[in-house]
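Asker: The following block contains the structure, expressed as structure tokens.
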Amino acid sequence: MEIEPSPPAPPDSRPPWHRQPWLFGASVGVFLAVLLVLAGRFLPPRTATQDTRPWSLAYGLYWKSYDDQTLKAEPGVPNPYYDPHRPTLIYVHGWQPETRGRRESLVWQHNDFEADLAAPWLDAGWNVGVFYWDQFADEPLVMDAEAKIWTTTGGAGMRYRLPSGRYVRRDVDRSVGGLLYESYTAVLADYTGDEIRLVGHSMGNQLVVQLSEQVVTAVSAGELNPRLAPQRVILADPYWSLGERDFLGGQSVGQRVREAIVNELIPRGVLVEWYRSSYLTGAVTSDVNTELIPHVLFAEMRPYFCHSFDQVCRHEASWHQYLLSYGTEPPPECAAEPKGLLAPCVATGRRVLLARQSADEVAARMAEPAVWVQVAGPTHTAVDGRFTPPVADDWYERL
């Protein structure tokens, strides 16, 4: 960019998205909204569950059974879908524009493919929960929804949306992060299981990281049952907005999350995996948070079974395929030999990544100076797993 010698530079010479993040956030929100509308032309029908109290505020932790059967978790109330002695998976969704009470389902439908994403976990004896905050996340601007994770005083306050489309501003005096912590600690107060695994999709990654930081801090202070500390945190195509935030003391959201992971979670033994799957979390629309990659297990999914224009499908594929993968062995690994752009990817004999890895395997992958990218696999493989929703035919190259 050409710089004129006069007039003198303004006092604040930072880029405009740092000086006026609300303006850039509005632009990003509009851009993402347009992408969602365009992608909608290619979206297959997706099953959704309707809230049983559609004209009121309903949020919190819900336990799941097969075929997306759902019951709200209430502290101290027995629930047939929850056993405090079992390992527990909790999924947290992200931004939900124009959903108007329609909630994400754990039954995944893509063209002729259908899978109950909870089934492999339930079959293995896990509790499966979802933290729904969809009425708060139903905002036209992504940054208004994001602010609610951290503060009650963002651009849209703590308003929530009814299925009629009307917004309501009352009865909420805590951020969504505060609501999640309150629900989690109350519902799991009697928990004695041996593993809690948190999966945060898109903006939901911020919630699972914030929750994990709060929990491990409270456990370290002797204020909380140590069993409530999560063992593994999964960032499924995570989204962090660009720009600094007043409600984070001038930090960006990506920096805040990164510091929580590097300084608080990993030193306390929490394993962190990051699966990227779409352009919606790329450099144009979000903070790519490159500085975090060396500290975590990082893999790039290539869900080519979604149309290239349907980045929403590719965005959702991260958590869909992660949950689905618990029903199969970890995908096999290959590596280029000799190293080079055109070198064939040769099977290493290892199986890596996704939900069926053991904790020891995840820790070992985190310690390796490598990342993984989904590929077609060795030339003798019959199916290119990038073009199919199931994960049993997938391969990942170690780079």
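Derivation of every value follows stated rules applied to the coordinates shown; laboratory data play no part. Note that the structure is predicted; figures quoted are calculated from it, not measured. Cβ atoms come from the backbone with ideal geometry, glycine included; neighbour counts cover every protein chain shown.
Asker: Spot the failing condition for Pro140; the list is (1) in contact with a Pro (Cβ under 8 Å, 6 or more places away or on another chain); (2) buried (at least 24 other Cβ atoms within 10 Å of the Cβ); (3) under 28 Å from Glu244 (Cβ atoms); (4) not small (Gly, Ala, Ser), and only one is missed.
Answerer: So Pro140 meets the others, but not (2).
Asker: Please enumerate the residues belonging to the range 261-284 that are surrounded by fewer than 19 Cβ atoms within 10 Å (Cβ to Cβ) and under 15 Å from Val209 (Cα atoms).
Answerer: Across the range 261-284, the qualifying residues are Val262, Asn263, Glu264, Ile266, Pro267, Arg268, Gly269.
Asker: Can you name the strands (runs of 3 or more DSSP E) wholly within the range 259-338 that have at least 2 residues being within 15 Å of the chain's Cα centre (by Cα)?
Answerer: 271-276, 297-300
Asker: Out of (1) closer than 17 Å to Tyr59 by Cα; (2) outside any helix (DSSP H, G or I); (3) touching a helix residue (DSSP H, G or I) at 6+ places or on another chain (Cβ under 8 Å); (4) not hydrophobic (A, V, I, L, M, F, W, C), the odd one out for Gly177 is which?
Answerer: Gly177 satisfies every listed condition except (2).
Asker: Being surrounded by 18 or more Cβ atoms within 10 Å (Cβ to Cβ) and either more than 30 Å from Val284 (Cβ to Cβ) or of a type outside the set (Ser, Thr, Tyr) (or both): is that true of Ala218 here? Reasoning before the result, please.
Answerer: Numbers: surrounded by 18 or more Cβ atoms within 10 Å (Cβ to Cβ): no; either more than 30 Å from Val284 (Cβ to Cβ) or of a type outside the set (Ser, Thr, Tyr) (or both): yes.
The answer is no for Ala218.
Asker: Which of the residues spanning the range 88-116 are surrounded by fewer than 17 Cβ atoms within 10 Å (Cβ to Cβ) and over 23 Å from Lys148 (Cβ atoms)? Working first, answer last.
Answerer: Narrowing the range 88-116 to residues surrounded by fewer than 17 Cβ atoms within 10 Å (Cβ to Cβ): 98, 100, 109, 111-114.
Within the range 88-116, Gln109, Asn111, Asp112, Phe113, Glu114 meet the criteria.
Asker: Can you pull out every residue in the range 239-255 that is in contact with a Phe, Trp or Tyr (Cβ under 9 Å, 6 or more places away or on another chain) and free of Cβ contacts under 8 Å to residues at least 60 places away in the same chain?
Answerer: Ser252, Gly254, Gln255
Asker: Do any residues in the range 165-189 that are touching a residue at least 40 places away in the same chain (Cβ under 8 Å) and surrounded by 14 or more Cβ atoms within 10 Å (Cβ to Cβ) have Cβ atoms under 7 Å from those of residues that are of a type in the set (Gly, Ala, Ser) and assigned to a loop (DSSP other than H, G, I, E, B), where the two are at least six apart or on different chains, and which pairs are they?
Answerer: Pairs that qualify, where the first residue is touching a residue at least 40 places away in the same chain (Cβ under 8 Å) and surrounded by 14 or more Cβ atoms within 10 Å (Cβ to Cβ) and the partner is of a type in the set (Gly, Ala, Ser) and assigned to a loop (DSSP other than H, G, I, E, B), are Val187/Ala73.
Asker: OK, next. Residues to consider are Ser164, Ser202, Ser220; find the one that is within 27 Å of Ser318 (Cβ to Cβ) and of a type in the set (Gly, Ala, Ser).
Answerer: Numbers: Ser164 fails: within 27 Å of Ser318 (Cβ to Cβ); Ser220 fails: within 27 Å of Ser318 (Cβ to Cβ).
Just one listed residue meets the conditions, Ser202.
Asker: Right, here's the next one. Can you find a residue that is closer than 23 Å to Tyr81 by Cα and surrounded by fewer than 24 Cβ atoms within 10 Å (Cβ to Cβ) anywhere in the range 199-209?
Answerer: The answer is no; no qualifying residue exists.
Asker: What strands (runs of 3 or more DSSP E), lying completely within the range 340-399, carry at least 3 residues that are more than 20 Å from the chain's Cα centre (by Cα) and not basic (Lys, Arg)?
Answerer: In the range 340-399, 345-351, 395-398 are the strands (runs of 3 or more DSSP E) which contain 3 or more residues that are more than 20 Å from the chain's Cα centre (by Cα) and not basic (Lys, Arg).
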